[in-house]
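Beneath this line is the structure, given in structure tokens, with notes to follow.
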2 protein chains.
Amino acid sequence: MFKCIRGRKNSRERILDAAAELVSEIGSGRLTLDAVAERAGLSKGGLLYNFPSKDALLQGMIQRMIDEASTQKEALREKAEPGPNLEARLCTATVLNLHCGNMREIANGLLAASSENPRLLEPVRHIVKETFGNLKDTCEDLDASLLAWLAVEGLTNLEMHDLSPFSEEDRARIVASVNRLLHKGIAA
Amino acid sequence: MFKCIRGRKNSRERILDAAAELVSEIGSGRLTLDAVAERAGLSKGGLLYNFPSKDALLQGMIQRMIDEASTQKEALREKAEPGPNLEARLCTATVLNLHCGNMREIANGLLAASSENPRLLEPVRHIVKETFGNLKDTCEDLDASLLAWLAVEGLTNLEMHDLSPFSEEDRARIVASVNRLLHKGIAA
DNA sequence: ATTTATATACCGGCTGGACGGTTTAGTGCA
DNA sequence: TGCACTAAACCGTCCAGCCGGTATATAAAT
């Protein structure tokens, strides 16, 4: 099992990477199976062998994003410093990680699914709802936690659409502000 | 000039409304000229008479959003209460208005343009950059201003993708938190 | 050991339908 | 006469999904 004769690496991963990159480069509406197959280094038939339809491919992108986020969050929870609003701190850090460095494109499944078939966002809808519930249940300062969460969502959304006007330093400063908000709250 | 014989209302407006609604309902990737024409209550020829290409239509959606935002912002500036971080307060209020009530779909041009042809977002990119510049130049508390701005961006983005888990009360509470943040800042 | 069978992983040409855009011929109002 | 369309046919392109085939690996049978 887990054999991969032709590909050097798991084909599914290569395909998902290719799709995510292409969304960044040419826009979610121009994502075609042919383009993904070429970028991933296999044929269209091979692509459809791994993902039997375009919807399945988009679902795979969404699922990987969710799995990756979940893994990262639990990893962060292990080494989390004690302090207030833990869940919100984990949540913001995860969202920021998902759109940083070599992960920069992993969230592009959102754009692709949203443009092609909004129903594919159902799992994401569920996660968002769950996240909100967690924050409500566990965070000492819900107002600050929500603001922090929404702010990193806003930041990553700007970055996804390539609309961010922020330099690396700007981004760092914003992240620092988010953390300060989560530790100190809004002034009285 | 500005005559509109057949339509009860400006055709261009009806077309833009129809397109924005359709993006909400069927997803930006499934936005077709035929569907827009049907929804707007005119023929495809009539649609292409008003917007000679799909790109032109998307550009029109973006432009209306920008114009609407600019108008609203200046209207808000007239009756703005004195206080800190004026520009950020105008900015957040405008973004929130653009995604509220009968305006709910006006920002959908972003999704449509992003999926079809990301280059059409250039004017938005410019506005975002300018907004950031304004905040930097005029806001007493830049950190709080940026967080507030990004938070409402995050909120409206969730709403655009129909991912928001927030009730009306939740939303009101978040908006109140944003305003508190802009008036009081982050705790020391 | 050799043949046969089956499964895995993939190739790549093809087709049918959808879609953007054009064209043409005509309509009703000012 | 010009403006703002309607109605419908049409064209070329693009693209998802289909399908027959291929190479390799493993298993079973002889």
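Structure data summary
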| read-out | value |
| --- | --- |
| Scope the stretch A:40-54; condition more than 6 Å from DNA strand D (Cβ to nearest atom) and under 30 Å from residue A:163 (Cβ atoms); matching residues | A:40, A:51 |
| Any chance residue A:85 is within 15 Å of DNA strand D (Cβ to nearest atom), in contact with a Ser or Thr (Cβ under 8 Å, 6 or more places away or on another chain) and away from every other protein chain (no Cβ under 12 Å) | no |
| Residue in the stretch A:101-109 that is within 16 Å of DNA strand D (Cβ to nearest atom) and either crowded, with 20+ Cβ neighbours inside 10 Å or more than 12 Å from chain B (Cβ to nearest Cβ) (or both) present | yes |
| Count - residues of the stretch A:130-144 that are open to solvent by less than 20 Å² (accessible area, probe 1.4 Å) and within 7 Å of chain B (Cβ to nearest Cβ) | 1 |
| Checklist (1) facing chain B (nearest Cβ under 7 Å); (2) open to solvent by less than 10 Å² (accessible area, probe 1.4 Å); (3) of a type in the set (A, V, I, L, M, F, W, C) applied to residue A:187, failing item | (2) |
| Some residue of the stretch B:13-24 being open to solvent by less than 70 Å² (accessible area, probe 1.4 Å), within 9 Å of DNA strand C (Cβ to nearest atom) and within 14 Å of chain A (Cβ to nearest Cβ) | no |
| Among (1) open to solvent by 40 Å² or more (accessible area, probe 1.4 Å); (2) without any contact (Cβ under 8 Å) to a residue 40 or more places away in the chain; (3) among the β-branched types (Val, Ile, Thr) - the single one residue A:127 does not satisfy | (2) |
| Output for the stretch B:101-126, where each listed residue is under 30 Å from residue A:180 (Cα atoms) and within 12 Å of the chain's Cα centre (by Cα) | B:124 |
| Selected residue (criterion: farthest from residue B:94 (Cα to Cα)) from residues of the stretch B:110-124 that are surrounded by fewer than 19 Cβ atoms within 10 Å (Cβ to Cβ) and charged (D, E, K, R) | B:119 |
| Residues within the stretch A:1-39 that are at pLDDT below 95, within 18 Å of residue A:53 (Cβ to Cβ) and within 10 Å of DNA strand D (Cβ to nearest atom), tallied | 0 |
| Any hit, the stretch B:160-182, residues being out of contact with any strand residue (DSSP E or B) (no Cβ under 8 Å at 6 or more places or on another chain), among the small types (Gly, Ala, Ser), more than 9 Å from chain A (Cβ to nearest Cβ) and within 17 Å of residue A:158 (Cα to Cα) | no |
| Of residues in the stretch B:158-184 being hydroxyl-bearing (Ser, Thr, Tyr) and crowded, with 17+ Cβ neighbours inside 10 Å, the one nearest to residue A:131 (Cα to Cα) | B:164 |
| Among the residues listed as A:147, A:57, A:155, the single one being more than 25 Å from residue B:153 (Cβ to Cβ), at pLDDT 95 or above, buried (at least 20 other Cβ atoms within 10 Å of the Cβ) and within 14 Å of chain B (Cβ to nearest Cβ) | A:57 |
| Positions within the stretch A:13-24 being under 17 Å from residue A:114 (Cα atoms) and either touching a residue at least 24 places away in the same chain (Cβ under 8 Å) or not aliphatic (A, V, I, L, M) (or both), in sequence order | A:16, A:19, A:20, A:21, A:23, A:24 |
| Selection count, the stretch A:31-65, where residues are assigned to a helix (DSSP H, G or I) and touching a residue at least 24 places away in the same chain (Cβ under 8 Å) | 16 |
| Selected residue (criterion: farthest from residue B:26 (Cα to Cα)) from residues of the stretch B:153-180 that are touching a residue at least 60 places away in the same chain (Cβ under 8 Å) and touching a His at 6+ places or on another chain (Cβ under 9 Å) | B:156 |
| Meets criteria (hydroxyl-bearing (Ser, Thr, Tyr) and within 20 Å of the chain's Cα centre (by Cα)) for residue B:138 | no |
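The values are calculated or read from the model by the stated rules, or taken from the named source; none is laboratory data. Keep in mind that this is a model prediction, so the values were computed, not measured. Methodologically, a virtual Cβ is constructed for each residue, glycine included, from the backbone with ideal geometry; neighbour enumeration extends over all protein chains shown. The protein model used for the area step is the full one, side chains on, heavy atoms only, and it has no ligands, DNA or RNA in it. Shrake-Rupley method; radii C 1.70, N 1.55, O 1.52, S 1.80 Å.
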